[in-house]
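Novice: What follows is a structure written as structure tokens; I'll ask about it next.
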Amino acid sequence: MGAPAFTGFPALAAHPWAYPALEVVHIVGIALLVGNLVLLELRVWGAAAEVPVRALARLALVLALAGFGIVAASGLAMFSAQPADLLTNRAFVIKMGLVMLAGLNAALFHARDGLGKLDRVARVQTALSLGLWVMVIICGRWIAYR
Ligand code: HEM
């Protein structure tokens, strides 16, 4: 797939480095999102038990949400460059489904106060979260090969 024939933002077409730059921003967002979720999920599994989970969550969740914002903004800008191609790209469509599942899992985790309970369900949900985000990354990379 490589650099797409731009149909979206004229600015993206005008600067050949714009799309690769968006991919770099996308990867930085992924690192912030997934890196901080892994930190918090390890704490839910009992790592660094001396660290208060709420205090850690206040920092890690803010950074993870900032990462998601960066990923979503750069992803939508890249999407705007080739909407028709991406909507028929199975890797992209599966990826968007997985992003929604990961979001739903996170919402259910916090709705039942998983950070307060730190029980078996909370550990299962954090393991599921990690699995889903890794699959999103795999699909994201696969987009260019479909
Ligand atoms: C939330 C909305 C998102 C949208 C609209 C979106 C959209 C895109 C698009 C259009 C591409 C470029 C495909 C290409 O031209 O090769 C891409 C690449 C990628 N995305 Fe996303 N994405 C989103 C979220 C995510 C998330 C949450 C992750 C991981 C946690 C992710 C991981 C990746 C990866 C690994 C790539 C390949 C980057 C590269 O090879 O340079 N994306 N995404």
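The values are calculated or read from the model by the stated rules, or taken from the named source; none is laboratory data. No experiment lies behind these values; they were computed from the predicted model shown. Note that each Cβ is placed from the backbone with ideal geometry, even for glycine, and that neighbours are counted across all protein chains shown. Surface accessibility is based on the protein's heavy atoms, side chains included, excluding ligands, DNA and RNA. Shrake-Rupley method; radii C 1.70, N 1.55, O 1.52, S 1.80 Å.
Novice: Just to make sure I understand: if all protein chains stay in place, what is the order of M135, M100, M78 by accessible area at 1.4 Å, largest first?
Specialist: M100, M135, M78
Novice: Now, a different point. As an exercise, use a Förster radius of 22 Å and the Cβ-Cβ distance of R112 and W142 to find the FRET efficiency, rounded to the nearest 0.05.
Specialist: 0.10
Novice: Another one. Beyond 14 Å, what share of the Cα-Cα pairs of the range 96-146 remains, rounded to the nearest whole percent?
Specialist: 54 percent
Novice: Students sometimes get this wrong: rank T88, T126 by accessible area, probe 1.4 Å, all chains present, largest first.
Specialist: Solvent-accessible surface, decreasing: T88, T126.
Novice: Next question, about the same structure. Using θ = phi - 60° and the Karplus relation 6.51 cos²θ - 1.76 cosθ + 1.60, list the HN-Hα couplings for the range 31-37 in order, rounded to whole Hz, with x at every Gly or Pro.
Specialist: 4, 5, 5, 6, x, 6, 5
Novice: Would you rank F68, F109, F79 by solvent-accessible area, highest first, keeping every protein chain in place and using a 1.4 Å probe?
Specialist: F68, F79, F109
Novice: Right, something else. Give the residue list of GluC sites (Glu not before Pro) in the range 8-96 that are DSSP loop and have at most 15 other beta-carbon atoms within 10 angstrom.
Specialist: Within the range 8-96, the qualifying GluC sites (Glu not before Pro) (loop, at most 15 other Cβ atoms within 10 Å) are E50.
Novice: With springs only between Cα atoms under 10 Å, which of A49, A31, A64 fluctuates most in a Gaussian network model of the chain?
Specialist: A49
Novice: A further question follows. Just need the Rg to Rh number for the chain, please, alpha carbons only, Kirkwood Rh.
Specialist: 1.05
Novice: At a probe radius of 1.4 Å, what is the per-residue accessible area of H15, in Å² to the nearest 10?
Specialist: Around 80 Å² of this residue is reachable by solvent.
Novice: Here's another thing I want to ask about it. Given Cα pairs under 8 Å that are at least 6 residues apart, what percent is the relative contact order of the chain?
Specialist: 32 percent
Novice: So, one more: How big is the accessible area of V44 in square angstrom, nearest 10, if you roll a 1.4 angstrom probe over the protein chains?
Specialist: Accessible area, nearest 10 Å²: 10 Å².
Novice: Hey, another quick one. To the nearest 10 square angstrom, what accessible area does L65 show with a 1.4 Å probe?
Specialist: L65 has an accessible surface of roughly 130 Å² with all protein chains in place.
Novice: Treating the beta-carbon of each Lys and Arg as +1 and of each Asp and Glu as -1, no other charges, what is the dipole magnitude of the chain about its Cα centre, to the nearest 20 debye?
Specialist: 300 debye
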